[in-house]
Amino acid sequence: MRNSPLLLCALLLSGCVTLPPMKQLKTDLPDTWQENASLATAPATVAADWWKAYQDPALNALMDEAQKQNRDLKLAAARIDEVRANLTLTNADRYPEVGLVGNAGRSRIQTPSGSQQTNSNFKLDLQAAWEIDLWGRYREASAAARADLLATEYARSGIQSSLTNAVAQSYFTLAALDASIKLIQDTLENRREAVTLQRLRFEAGVTNELALRQAEAEHASVKISLAQFGQQVRQQELLLAVLLGREPRAVLQDTIARGAGLFNLAEPPAIPAGLPSDLLQRRPDLRQAEQLLLGSQARIREAGAAIYPALSLTANLGTESTALSNLFSGPAGIWGLAAGLSQTLFNAGRTEAALKVSSAQQDQALIAYEQTVQIAFKEVLHALVTHRQARETGNAEAERVMALKRAAEIADLRFKNGVSNYLEVLDARRNLFQAEQGGIEARRAQLAATADLFKALGGGWEN
């Protein structure tokens with residue numbers, strides 16, 4: 001009863017501190033994505049391993065290799081192990097701590113009369129200490145650590161999402177370069193035949209030297225393109241090898257497996273109209289930002305619980321004897337039980353400052369979440385627009401190639417009949433070559449746009 005005024009004073013002091021309010025997540029999103037309203041209405045399902053929709057075993061193998069060997073993913077996994085261990089440490093504070101203490105001593109006392117007395121003491125004690133979590137301080141610390149773990153796991157998922165997208169984009173670029181080289185090689189053979197034909201015509205006096213030199217110049221120009229594209233292929237292979245996490249020796253010695261080819265990759269399922277905007281919630285960066293906010297709120301409550309008095313219990317149970325042989329027999333048992341109450345009365349504003357820090361961290365986490373939503377919304381809209389435009393561009397490029405093929409045939413007939421000069425033929429062939437290159441790039445852009453959309457939507461869509 002004599003301690004009651006002190007306890008009452010401590011509770012009154014703790015009541016003078018007010019916890020900051022918990023902020024709620026509010027996102028004003030439309031019900032559906034209107035940018036895809038003109039797309040196919042058939043339902044489609046894409047799994048988390050969205051790259052399998054392209055039906056390319058070589059791409060699937062590269063994705064498996066990247067997810068096993070990529071260094072960024074391995075580093076993210078190591079971070080998860082660290083945070084998981086930290087959660088175990090934090091949870092341990094909620095339970096009693098038990099220890100075993102053993103002591104042995106021997107002393108000799110010499111009396112004034114000259115006699116000596118030797119004393120022995122042996123003690124074995126089981127001790128326990130436990131701070132009762134009356135106000136939820138340790139519970140909230142565990143909740144914050146659990147949110148940190150989930151945020152770290154979502155961070156790894158975000159890295160994995162970016163990695164798979166990067167591998168797909170690099171693979172599509174490599175496939176496009178291969179297709180370009182095949183086109184250039186075919187064109188080079190065509191130009192070589194044209195040079196041979198013009199040389200024969202020049203030697204026969206059918207045409208002049210200008211046509212021959214123009215054919216030779218065009219042949220040399222295509223050879224230059226072949227060398228340039230060959231260099232780009234090697235650079236792209238090196239980039240992809242690094243994404244795959246290959247060792248330096250393998251980067252130099254191993255080749256990147258090729259699949260069926262750029263134009264043989266399967267078209268992913270059509271995007272259904274009216275995709276729900278809450279697909280954003282599957283994005284790992286949004287889930288990570290949400291967990292960081294929940295963790296900051298748990299730390300506010302943890303800091304608030306530190307205001308109140310702490311109740312600790314200690315206990316010991318053991319045995320003590322002057323002879324080791326009697327340590328576990330006879331009346332040697334000892335025990336003790338104690339309770340302690342502690343309350344901080346003055347710490348120079350440390351408690352209030354800790355609350356302000358936690359409150360500021362909550363504000364930062366909320367702003368970061370809102371910013372992440374904005375970025376995600378922009379990425380999805382951009383991916384939808386790019387996907388539609390890439391498809392329209394691909395269709396237009398196909399029409400262009402068809403028209404220029406016919407134009408090249410007409411120009412060749414006109415030259416053979418003497419209606420036009422060889423420059424008209426070269427212009428027609430050059431335009432066709434550029435159009436076919438444009439068709440390859442359009443196909444790559446279509447595949448890249450679908451990969452970006454998969455990533456923006458957190459792995460695909462489901463209806």
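The values are calculated or read from the model by the stated rules, or taken from the named source; none is laboratory data. All values derive from a computational prediction rather than experimental measurement. Every residue, glycine among them, receives a Cβ derived from its backbone with ideal geometry; neighbour counts consider all protein chains shown.
Okay, residues lined up against (1) over 51 Å from the mean Cα position of the chain (by Cα); (2) in the same structural domain as Pro268 (by TED's automatic domain parsing); (3) part of a strand (DSSP E or B):
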residue	(1), (2), (3)
Lys52	no, yes, no
Leu62	no, yes, no
Lys68	no, yes, no
Asp81	no, yes, no
Leu89	no, yes, no
Arg108	yes, no, yes
Ala128	no, no, yes
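Would you say Ser180 is outside any strand (DSSP E or B) and either closer than 30 Å to Ser221 by Cα or under 44 Å from the mean Cα position of the chain (by Cα) (or both)?
Yes.
Which condition does Ile109 not pass, out of (1) surrounded by fewer than 10 Cβ atoms within 10 Å (Cβ to Cβ); (2) among the aliphatic types (A, V, I, L, M); (3) modelled with pLDDT of 85 or more, if it passes all the others?
(3)
Tally up the residues in the range 91-106 that are part of a strand (DSSP E or B), aliphatic (A, V, I, L, M) and surrounded by 11 or more Cβ atoms within 10 Å (Cβ to Cβ), please.
Within the range 91-106, residues that are part of a strand (DSSP E or B), aliphatic (A, V, I, L, M) and surrounded by 11 or more Cβ atoms within 10 Å (Cβ to Cβ) number 3.
Check the range 131-148 and report whether any residue there is more than 30 Å from Tyr308 (Cα to Cα) and either more than 25 Å from the chain's Cα centre (by Cα) or in contact (Cβ under 8 Å) with a residue 12 or more places away in the chain (or both).
No, because not a single residue in the range 131-148 is more than 30 Å from Tyr308 (Cα to Cα) and either more than 25 Å from the chain's Cα centre (by Cα) or in contact (Cβ under 8 Å) with a residue 12 or more places away in the chain (or both).
Restricting attention to the range 278-291, which residues are at pLDDT 90 or above and either within 30 Å of Ile132 (Cβ to Cβ) or outside any helix (DSSP H, G or I) (or both)?
Residue satisfying the conditions is Gln291 alone.
Going by what's in this entry, would Ser221 be described as among the hydroxyl-bearing types (Ser, Thr, Tyr), in contact (Cβ under 8 Å) with a residue 40 or more places away in the chain and assigned by TED's automatic domain parsing to the domain that holds Leu73?
Answer is no for this residue.
Which condition number in (1) in a helix (DSSP H, G or I); (2) within 30 Å of Gly295 (Cβ to Cβ); (3) touching a Pro at 6+ places or on another chain (Cβ under 8 Å) is the one that Gly458 fails?
The one condition Gly458 does not meet is (1).
Can you tell me which residues in the range 335-361 are surrounded by fewer than 12 Cβ atoms within 10 Å (Cβ to Cβ) and closer than 18 Å to Ile300 by Cα?
Within the range 335-361, Gly349, Arg350 meet the criteria.
Residue by residue through the range 50-61, note down the ones that are farther than 15 Å from Gly261 by Cβ and surrounded by 21 or more Cβ atoms within 10 Å (Cβ to Cβ).
Answer for the range 50-61, where residues must be farther than 15 Å from Gly261 by Cβ and surrounded by 21 or more Cβ atoms within 10 Å (Cβ to Cβ): Trp50, Trp51.
Scan the range 398-444 residue by residue and report those that are without any contact (Cβ under 8 Å) to a residue 60 or more places away in the chain and not in a helix (DSSP H, G or I).
Selection gives Asn417, Gly418, Val419, Ser420.
Looking at the range 364-378, which of the residues that are under 17 Å from the mean Cα position of the chain (by Cα) and among the small types (Gly, Ala, Ser) is farthest from Arg283 (Cα to Cα)?
Step by step, filter the range 364-378, then rank; the result is Ala368.
Out of everything in the range 172-203 that is surrounded by fewer than 17 Cβ atoms within 10 Å (Cβ to Cβ) and among the polar types (S, T, N, Q), what residue ends up being modelled with the lowest pLDDT?
Among them, the one singled out is Asn190.
Based on this model, can you work out whether Leu126 counts as surrounded by fewer than 18 Cβ atoms within 10 Å (Cβ to Cβ) and either under 18 Å from Arg301 (Cβ atoms) or among the β-branched types (Val, Ile, Thr) (or both)?
no
Being more than 30 Å from Phe415 (Cβ to Cβ), assigned to a helix (DSSP H, G or I) and touching a residue at least 40 places away in the same chain (Cβ under 8 Å) is true for just one of Gln232, Gln198. Which residue is that?
It is Gln232.
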